[in-house]
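Beneath this line is the structure, given in structure tokens, with notes to follow.
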There are 2 protein chains.
Amino acid sequence: MHVITNCSFLIHYRYPSAAAAFLRTLRHPLSLDAPSIFKVKALFTSASYSELDNARAGRSSSLASHPPSSDFTQKIDVNPPKGTRDFPPEEMRMRTWLFQNFREVSQLFGFEEVDFPVLESEALFVRKAGEEIKDQLYCFEDRGNRRVALRPELTPSLARLVLQKGKSVSLPLKWFAIGQCWRYERMTRGRRREHYQWNMDIIGVPNVTAEAELISSIVTFFKRIGITASDVGFKVSSRKVLQEVLRRYSVPDSLFGRVCVTIDKLEKIPMDDIKNELRAAELSEQAVEELLQILTVKSLEELEEKLGSSVEALAELKQLFSLAEKYGYSEWIHFDASIVRGLAYYTGIVFEGFDQERKLRAICGGGRYDRLLSTFGGEDVPACGFGFGDAVIIELLKDRGLLPELSPQVQNVVCALGQDLQVAASLVATRLREKGQTVDLVLENKPLKWAFKRAARVNAQRLIIVGSSEWEKGMVGVKVLSSGEQYDIRIDELE
Amino acid sequence: MHVITNCSFLIHYRYPSAAAAFLRTLRHPLSLDAPSIFKVKALFTSASYSELDNARAGRSSSLASHPPSSDFTQKIDVNPPKGTRDFPPEEMRMRTWLFQNFREVSQLFGFEEVDFPVLESEALFVRKAGEEIKDQLYCFEDRGNRRVALRPELTPSLARLVLQKGKSVSLPLKWFAIGQCWRYERMTRGRRREHYQWNMDIIGVPNVTAEAELISSIVTFFKRIGITASDVGFKVSSRKVLQEVLRRYSVPDSLFGRVCVTIDKLEKIPMDDIKNELRAAELSEQAVEELLQILTVKSLEELEEKLGSSVEALAELKQLFSLAEKYGYSEWIHFDASIVRGLAYYTGIVFEGFDQERKLRAICGGGRYDRLLSTFGGEDVPACGFGFGDAVIIELLKDRGLLPELSPQVQNVVCALGQDLQVAASLVATRLREKGQTVDLVLENKPLKWAFKRAARVNAQRLIIVGSSEWEKGMVGVKVLSSGEQYDIRIDELE
């Protein structure tokens, strides 16, 4: 792709590749007075897979400039809304590659794909535990006066669907989803307001064998895309550790979610604020100190010393680490009591994937949420799952030089040499497509040189040329682009 | 899948398949007093690919019933918001199948996939031509006081992206997208408020070769999924026909979009209202009559009689029908001057795909929009494209008995016989997955009978049984489900 910076739109659009050459040759400042030159800068103003750094640096608000046309109606901002992304072909190829890996791994593990509405009832996401997520809802009243919200996460919708399906489904369910989620965050640090999230959930299994299976699937994903245990690790803990401390200080169960949400803010807000929030939840000074103490524990041995060997949290964590060994991913995970996760509904094992250099935000996270369904008015079913965003992993892959090179792929470019042969070219294209060949048909009367450039741009394997003398003999010319080989062939023999 | 209607949740979830049998055997009304029996009806209350008819019949607002649990927080509606859909596995398989066909056809034609934000600036969709779409916008003010809207269609976003890319891209662009679109419509006739739309657009080609290519791709799609020309046809016209009439009555160009939008309502609102709207646009009585007259024309010969042979509309239509013949789809299309389409921005050829029995709404529609970019403040580029929704085509396929049977597909179910062999089963599953085999691993201690049922439900090819006597010899049992063949094999030989 070439960039023409001082040529009028009209010339460029009608004769894209000729325009630059034309201007170079004539050295005629044909378009210096053309009023509608778009700033090429506009290309770099929205956060994309390949340009996350630019987004971090801030975002231009360049507008389409006013053209001379009498049809002019309004200027629009050519960028997507702040915090959102377009997916032009090069970005879409990356997204497709990433999602395909999410999908293939989920299928390897026997999970079935599901999806839910992007727009849900607001009530589904409003919990009373003081989560950050509540203040970041994209919510509004629809034309029927219903409070609705763009989903900030997928789990509540999944729980809703499980409730709806009720007894008609056989447990366990193993479901995965890849869906766009929305959070209205401050746009510092290049964070976006939407991202795609890969979720895998197991509904109906109370054992930590389920968590072990989930972590195994994420590890499988990492290995598949070239990420090793020296790049990425998992911190694992259990909310039952905190629950045990709260139980010892007779803190009521109903405060559990709120306490967890507060503790999750440890690295985000000052310690005094954390303590105040905990005191506000009627925790004694001693309970607060004990809670903060337990969070510093980094080994199961130490945890056993503090809590004794009989607590449920310990038994489950031990079983998980033992399973990890058999699965073959024990070098990927370690115990870290400071991991709590920010969502109110987790009840047991929680885990978080992070880059070993600690340069990026969490790559993924999840855990067990055995009591989510009852908060929606249903009977509880044991469940666990994780969310894995599409942003941080791309940053990591870029950092490690592991982003794949994905170029456009078309097998054939078919080009007629002359207006009167356009119809013949359509026929050739149709024949090839019927045989399963992908064909970019040149739809205008273009010189051969242009067709070659086009074929190179779309990485075509062959350029099929429909010329009049060959066509009269029922033949077309074939140029194999990798080898330069060139030959004529009867159209009925073309495949 | 079996449906248990009077068994408590707990029993069902823990022992899903055993519960019904247990109740049948004992004839003990164990759970008649269980308070949390969900209405199975809830399953049929949202419009899904397979249950469109039920949606049409109205929608229950059944709520999750109040459980005895002390964790109770709030009742939620277990259904997705009115007019939206969940995609449980069976619906998702259908969506994936449909989208895969959209994708493969687009790629056959050399198109590259793109996407845009679901949430766009409202300004992108608000045109002044009185379109229905404007009153159906899901729009709101975000937390930063920006007017935003869930996209009702994809074309304006595409135009925005083309403007943004400016001169950095080589024309023509051939782009396709499959995106969710939102319209707040009245919920009569089972219409939904969201649908997925497949779009293909060609940017930078002024010739009708582009429209011919687009229609060819839709025909290719139809043929691929078993739809013939006796099921579906295309009505084709050109807005230049109306433009010619308006020109003859000296109606200013600026009224063109508004007149087209009015005329498109012909079958939706009374004729008097149409005439009044046209008069309000300052059309003379004679111009109104002439316009309405021309819409009744059903052949190019008649059109030529009325407008003369020299008008641009006629030349383009003739070329399109001639190309259709060479492409081999002329039996699929016919001229019909009444086709105008409801969007303001079309300028030339317009077309609509419909079922031959006329029982359904339009299946797809599109046309040329050469002046859209200038309405956004850019320089115009010739462009055309179409939108193809995911709802009507599914209704048609269902009607014709052409919906594919898509069942879950897992190659292996791996089951340990005994709690202590769970870890061994994980190891077997990991081995198989490393060899590319999909594995549904049984994560709980289940009897063999349960594993067989599970294997049948997920259509597994093999059931791999990890039993203690075999495992001690480094072997597992294999049951091939299609043949009933059964044998033991060393784990390192398993593939």
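Brief remarks follow.
- Residues of segment B:372-401 classified as within 14 Å of chain A (Cβ to nearest Cβ) and in contact with a strand residue (DSSP E or B) (Cβ under 9 Å, 6 or more places away or on another chain), total: 9
- Qualifying residue in segment B:53-66 (condition: among the hydrophobic types (A, V, I, L, M, F, W, C), modelled with pLDDT under 85 and crowded, with 20+ Cβ neighbours inside 10 Å): yes
- Residues (open to solvent by 10 Å² or more (accessible area, probe 1.4 Å), among the β-branched types (Val, Ile, Thr) and either more than 7 Å from chain A (Cβ to nearest Cβ) or under 17 Å from the mean Cα position of the chain (by Cα) (or both)) located in segment B:70-117: B:Thr96
- Qualifying positions in segment A:158-190 - among the charged types (D, E, K, R) and in contact (Cβ under 8 Å) with a residue 60 or more places away in the chain: A:Arg160, A:Lys174, A:Glu185, A:Arg189
- Single match in A:Trp471, A:Trp450 (criterion: closer than 17 Å to A:Arg431 by Cα and assigned by TED's automatic domain parsing to the domain that holds A:Val439): A:Trp471
- Residue within segment B:367-378 that is of a type in the set (D, E, K, R) and either at positive phi or modelled with pLDDT under 95 (or both) present: yes
- The residues in segment B:368-394 that are closer than 21 Å to B:Val219 by Cβ and open to solvent by 10 Å² or more (accessible area, probe 1.4 Å) can be counted, and the count is 4.
- Selection from segment B:254-274 of residues that are closer than 25 Å to B:Phe234 by Cβ and crowded, with 16+ Cβ neighbours inside 10 Å: B:Phe256, B:Gly257, B:Val259, B:Cys260, B:Val261, B:Thr262, B:Ile263, B:Asp264, B:Lys265, B:Ile274
- Qualifying residues in segment B:456-468 (those that are of a type in the set (A, V, I, L, M, F, W, C) and not in a loop (DSSP other than H, G, I, E, B)) - the one surrounded by the most Cβ atoms within 10 Å (Cβ to Cβ): B:Ile464
- Long-range neighbours under 8 Å by Cβ, at least six apart or interchain, first residue in the same structural domain as B:Asn145 (by TED's automatic domain parsing) and on the phi > 0 side of the Ramachandran plot within segment B:109-130, second part of a strand (DSSP E or B) and charged (D, E, K, R): B:Gly110/A:Asp440; B:Gly110/B:Lys174
- Test: residue in segment A:479-495 that is in contact (Cβ under 8 Å) with a residue 12 or more places away in the chain, surrounded by 19 or more Cβ atoms within 10 Å (Cβ to Cβ) and touching an Asp or Glu at 6+ places or on another chain (Cβ under 6 Å): no
- Candidates A:Val241, A:Val259, A:Val232, filtered to the one that is among the β-branched types (Val, Ile, Thr) and either under 27 Å from the mean Cα position of the chain (by Cα) or within 30 Å of B:Lys435 (Cα to Cα) (or both): A:Val232
- Candidate set: segment A:419-429, residues that are more than 8 Å from chain B (Cβ to nearest Cβ) and open to solvent by 20 Å² or more (accessible area, probe 1.4 Å); chosen: the one nearest to B:Lys326 (Cα to Cα): A:Asp420
- Close contacts from segment A:403-426, counting a first residue that is assigned by TED's automatic domain parsing to the domain that holds A:Ile465 and a second that is open to solvent by less than 20 Å² (accessible area, probe 1.4 Å) and of a type in the set (Phe, Trp, Tyr), with Cβ to Cβ under 6 Å and a gap of 6+ residues or different chains, come to A:Ser426/B:Tyr327.
- Pairs are defined by a Cβ separation below 8 Å, a sequence spacing of at least 6 or placement on different chains, a first member in segment B:297-312 that is touching a residue at least 24 places away in the same chain (Cβ under 8 Å), and a second member that is open to solvent by 80 Å² or more (accessible area, probe 1.4 Å); the pairs so defined are B:Val297/B:Lys306; B:Leu300/B:Lys318.
- Residue check for B:Gly474: loosely packed, with under 15 Cβ neighbours inside 10 Å and at the interface with chain A (Cβ under 10 Å from one of its Cβ atoms): no
- Residue count for segment B:439-455 satisfying the condition of being touching a strand residue (DSSP E or B) at 6+ places or on another chain (Cβ under 8 Å), more than 13 Å from B:Ile465 (Cβ to Cβ) and open to solvent by 20 Å² or more (accessible area, probe 1.4 Å): 1.
- Candidates A:Leu432, A:Leu406: the one that is within 12 Å of another protein chain (Cβ to nearest Cβ) and buried (at least 20 other Cβ atoms within 10 Å of the Cβ) is A:Leu432.
The values are calculated or read from the model by the stated rules, or taken from the named source; none is laboratory data. If you're wondering where the values come from, they're calculated on a predicted model, not measured in any experiment. Every residue, glycine as well, gets a Cβ built from its backbone with ideal geometry; the counts of neighbours run over all protein chains shown. What goes into the accessible areas is simple: the full protein's heavy atoms, side chains included, and nothing from ligands, DNA or RNA. Shrake-Rupley method; radii C 1.70, N 1.55, O 1.52, S 1.80 Å.
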